[in-house]
Structures are given as structure tokens and as C-alpha cells.
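Here is the structure we will look at, set down as C-alpha cells.
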Amino acid sequence: MFDILGALYYHWDVFLLLFLRVSGLIFNSPVFGRQNIPQTAKIGYCAVIAAMFYISIPQVNSLVLEYNDDLFTYILLCVTELLFGMILGFVLNLFMTIAFTAGQVIDMQMGFGMVNVMDVQGNLSVPVSGNLLNIVILIVFFTVDGHLRLIEMLYNTMYTIPLGEVAFDPEKLGWVAMKLFVDSFTLAAVVAMPVIGSGLLAEICFGILMRVVPQMNAFSIGMPIKIVLGFLVLVAVMQVYVPFCTTIITQMFQGMDQMFATLAAG
């Protein structure tokens, strides 16, 4: 134990860069960086992971940084490593919030557009359906060991992109971020499409009934029917949504790999 602490103290500059890379992802992660988790626990968790990486990776514990005792250069390295972790956290958030995007569209279709609930994860008001879909995707994420795969991916970055060698190409980074945004929005539309389709069919049926029976009050009859129909479709879609969450998680890790390639290539 004392040997490990002594090594960390002796290579504090390397350990700090490692800690910043890990904390950039953990603090911006919707899985590990929840608002209801104490900050002390998050810092301790990041420090433990960084220490484990330092001990188990020879390329890290034998690394000698060449910044020539220039404080400004070292600060730039720290900012770069922190941004590296935050970019990975951005990709993770982008795909994990698909549930909220789809839920907002579903609630608008069902007539719940003004109804929100408090999400303790982000301390925000989120749609009712989105909160349900988000809970499901989080359960699936832990079921398929996504948290372990995330830590493993962060571990592998130490080999593909060593500490202090992160390179940013704004043009490539922007294009990859735009592509991932389009992919996440497309997946959200796919999740919400059954409820949207059922709502459109209900509107067509109401339109035909209004032409056949002009005296019918479509608003007083249509809103309850749309709500009941939306819930029925949402329950039926759950059987497909649960395995579809695996596809979302797979594309999320593929998107993180694309970000790795961009940051490594510079």
C-alpha cells in the first residue's frame, strides 16, 4: 500500500492527467455522474479507477512527461485530458437521452406535452414517457454489463491514445459529432414511431367520423381515446423496446470508437 502511494506521489503529474481523463467521463456520464450522488463519492471513485489504471498499465506508470517543468504547458495537458473525458461523456449522454427525446414526442402525441416529472439524475423536468423509457434503458445498460464495458473502453484508451498525446481536429470532431447527433435523433424517432403512427391513424378515424357525424364533439371524445390508445401502444412497444435498447447501446459504443479514432488521428 505504501509503495503504491509513494509511486503515485512520485508520479503525481502522470496520475493527475489520468485522474482528469477518468473524471471527465465519470462526472459527465448519465450512469455514474448522477446529481444525487455525493461529489466526494464521485471523486473517490475516479481516484480509485485512476489508481487501478496506473498500477495495471506499464505504459502509464513508466511514463515520463516532457513538459520541461513549464507550468503553462502542463496546464494545457490537463485541460486536454479533461476535454477528452468530457467528449466521451458527451457521446454517452447523446445516446442515453434518446429516451427523453422519444418520450417528449410520445407525450405530445398523447396530449401530455405539458406534463413533466422531476428527474433526480439531472435535476430537470422530463416527460413522463421519457422517464419510463430512460429507466428501462438504464436497466438494460447494466444488464448487458455496459458499465463494465465502459470502464474497459476507458482502460483501452490508455494504449490507443496515451496520456499527453490527445490531438484535436475541430473539423473532424465536428463532423463526427454531427453524424452521431443524426444517428441518435434517428433512433429516437424509431422509438417514438409506433405511437406517432397510431396517433395519425386515430386522427384519420376522427376526421372520417366528423364527416359522417358532424354533431359529435371530437375534442371531448378524441383526447381520452388518444391517451388510452397511446398507453396501449406504449405497453405493446415495450416488448420490442427492451431488445432495441441493446442496439442503442451498441451504436453508442460504436460512436465512442469513432470519437477515439478522431482524437487519435488528430
Item to check | In sequence order, calculated HN-Hα J values of the range 49-59 (Karplus, 6.51, -1.76, 1.60; Hz; x Gly/Pro) | outcome: 5, 4, 5, 5, 5, 5, 6, 8, 10, x, 5
Checklist outcome for this item: Between V240 and Q59, the two model label points (7 Å from Cα along the beta-carbon direction) sit apart by a distance in nm of 4.3 nm
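So how do 236-243, 145-152, 20-27 stack up, highest first, on mean other-Cβ count within 10 Å? Intermediate results must be reported in sequence, preceding the final value.
Details: 236-243: 13.4, 145-152: 15.0, 20-27: 24.0.
Top of the packing list down: 20-27, 145-152, 236-243.
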Next on the checklist: Cut-off under 29 Å on the C-alpha distance; same-chain residues fewer than 8 positions from K42 excluded. Which lysines are left, in chain and number order?
Outcome noted: none
Item to check | Derived scalar couplings ³J(HN,Hα) [the range 135-142; Karplus, 6.51 cos²θ - 1.76 cosθ + 1.60; whole Hz; x for Gly, Pro] | outcome: 4, 5, 5, 5, 5, 5, 4, 6
Next on the checklist: Please compute the length gained on full extension between A189 and M153, using 0.36 nm multiplied by the number of residues separating them and subtracting their Cα-Cα distance.
Outcome noted: 10.2 nm
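No value in this document is a laboratory result; all are computed from the given coordinates. If you're wondering where the values come from, they're calculated on a predicted model, not measured in any experiment. Virtual Cβ from ideal backbone geometry, glycine too; neighbours counted across all protein chains shown.
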